[in-house]
1. Where in region 25-120 are there strands (runs of 3 or more DSSP E), lying fully within it, with 2 or more residues that are at pLDDT below 95 and in contact with a strand residue (DSSP E or B) (Cβ under 8 Å, 6 or more places away or on another chain)?
2. What tally of residues in region 172-200 results from selecting those that are β-branched (Val, Ile, Thr) and in contact with a Lys or Arg (Cβ under 8 Å, 6 or more places away or on another chain)?
3. From the list Ala30, Ala48, which residue is among the small types (Gly, Ala, Ser) and over 24 Å from Pro313 (Cβ atoms)?
4. Any residue at all in region 97-118 that is of a type in the set (Phe, Trp, Tyr) and touching a residue at least 60 places away in the same chain (Cβ under 8 Å)?
5. Being under 17 Å from Ala331 (Cβ atoms) and crowded, with 18+ Cβ neighbours inside 10 Å is the requirement here; does Ala138 meet it?
6. Considering only residues that are among the acidic types (Asp, Glu) and under 28 Å from the mean Cα position of the chain (by Cα), look in region 80-111 and name the one that is surrounded by the most Cβ atoms within 10 Å (Cβ to Cβ).
7. Looking at Ser321, Ser330, Ser304, which one is within 23 Å of Ser187 (Cα to Cα) and not β-branched (Val, Ile, Thr)?
8. Of all residues being in a loop (DSSP other than H, G, I, E, B) and at pLDDT 95 or above in region 1-14, which is nearest to Thr179 (Cα to Cα)? Just the residue, please.
Amino acid sequence: MPPSRASTKVIVIGGGGTLGSSTALHLLRAGYTPSNITVLDTYPIPSAQSAGNDLNKIMGIRIRNPVDKQLSLEARDMWRNDEVFKPYFHNTGRLDCAHTPESIASLRKSYEAILKAGSGLEKTHHWLSTEDEILARAPLLDRKQIKGWKAIYSEDGGWLAAAKAINSIGQVLKEKGVTFGFGSAGSFKKPLFDEDGTKAIGIETVDGTQYFADKVVLAAGAWSPTLVDLEGQCCSKAWVYAHMQLTPEEAAEYKECPVVYNSELGFFFEPNEKGVIKVCDEFPGFTRFKQHQPYGASTTKHISFPRSHAKHPTDTIPDESDASIRRAISAFLPRFKEKELFNRALCWCTDTADANLLICEHPKWKNFILATGDSGHSFKILPNIGKHVVELIEGTLAEDLAESWRWRPGSGDPLISRRAAPARDLADLPGWNHDEPSDDDMDVKDVAVSLASVKIGENIGEKVVEDGARVGVKVLA
């Protein structure tokens with residue numbers, strides 16, 4: 001092990017989320033001293049405002065470009081074999097469906113790309129051209145609802161128990177003695193620099209705590225563009241989900257059901273162990289634009305600002321989202337179309353124009369690393385993405401990855417991004433009920449006093465950070 005790893009101090013901002021927790025884990029695995037790794041987040045792991053703190057996420061192989069293919073295959077192998085992640089991969093298969101002429105043509109093009117991709121994918125992906133073939137893979141779909149549908153069935157696909165997987169990382173970090181800071185003591189305010197103002201030497205949090213380190217990693221997900229000026233490279237957007245409770249008898253019927261996705265409708269998952277099904281609709285996303293000045297900007301900017309459901313649990317979803325989720329249920333699960341929906345909420349991600357990650361050193365701030373721009377497809381690479389962030393920290397990141405994830409302002413419009421249509425702003429949508437505060441959502445001082453009420457876990461331990469503030473680690477039951 002190079003001596004520098006043992007002595008190098010690293011701060012991971014947003015360490016309770018997907019990219020941040022993975023980075024912290026791979027710092028440990030690379031041999032960094034646990035007490036020299038500081039994980040900061042507004043909420044304990046798994047962070048309640050992270051998109052990764054979710055019941056489940058889709059697993060599949062993404063072959064849009066060679067980088068995506070590499071990451072997907074790396075991740076697939078780790079979900080299958082790595083003990084930290086293996087329990088949380090439900091390899092039920094994935095059914096990608098289409099029913100309009102345009103979407104069928106696009107799906108067929110995707111299948112032909114899979115056949116050319118190599119790596120054995122042609123053996124694990126199957127084109128389904130009839131209702132009978134689709135029903136053979138997902139027998140509980142309604143034949144009347146899938147008339148004219150085509151599909152790709154992926155044996156590599158399934159779903160990931162998202163919050164539990166991040167929590168598994170959190171347990172490792174705690175057991176190894178990583179330093180934590182949560183609440184206002186874990187919420188980023190600004191970087192700290194050396195005398196000439198060009199090299200980051202740490203950060204200051206909302207409560208005034210200063211943490212010093214050799215490297216700073218900002219992995220704050222949808223909040224990243226609000227914290228530092230990303231010069232328009234990322235736009236944060238929300239998507240909608242809802243849950244249904246099935247009886248034990250109903251849930252048993254859907255055991256081992258593949259994830260069913262239709263780009264015109266949405267998707268649903270196999271029930272979890274408590275009989276809960278998550279359903280999502282599919283659309284270009286919602287924004288929430290405000291005037292705001294992130295650190296490094298010379299003036300205020302028009303920025304899409306996430307609104308944490310963890311902090312605002314009474315917020316509702318737009319009326320049209322409720323209707324479109326019901327429409328998806330009517331197509332996928334018509335027998336449950338009258339079921340009550342609960343835990344309806346917005347899930348915030350941040351898109352880049354080309355849907356590639358933004359993982360690079362800030363061009364003006366040496367030792368300040370950005371790890372963001374998930375573009376809604378990054379949870380599947382939770383097991384391995386942190387390895388590549390560590391490579392960037394150490395200057396060994398492969399050239400093709402560095403090129404794909406480079407700093408690239410002006411390269412396109414992230415508002416449109418991956419769904420080829422602009423997102424719409426929540427302010428324009430009926431039904432989105434919320435208590436818009438007079439102060440800014442960045443004010444997280446009240447979060448610190450409410451950490452004990454986070455519903456997803458129980459406090460299993462404490463650690464004293466250098467400034468004496470006590471923080472807890474939440475671990476799922």
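1. none
2. Residues that pass the stated criteria total 2.
3. The unique qualifying residue is Ala30.
4. No, region 97-118 has no match at all.
5. Yes, satisfied.
6. If we take residues in region 80-111 being among the acidic types (Asp, Glu) and under 28 Å from the mean Cα position of the chain (by Cα), then Asp96 is surrounded by the most Cβ atoms within 10 Å (Cβ to Cβ).
7. Going through Ser321, Ser330, Ser304 in turn, just one is within 23 Å of Ser187 (Cα to Cα) and not β-branched (Val, Ile, Thr): Ser304.
8. Looking at the filtered set, the residue picked out is Lys9.
The values are calculated or read from the model by the stated rules, or taken from the named source; none is laboratory data. For clarity, every value in this text was computed on a predicted model and none was experimentally measured. Quick reminder, even Gly has a Cβ in these numbers, built from the backbone with ideal geometry, and neighbours come from all protein chains shown.
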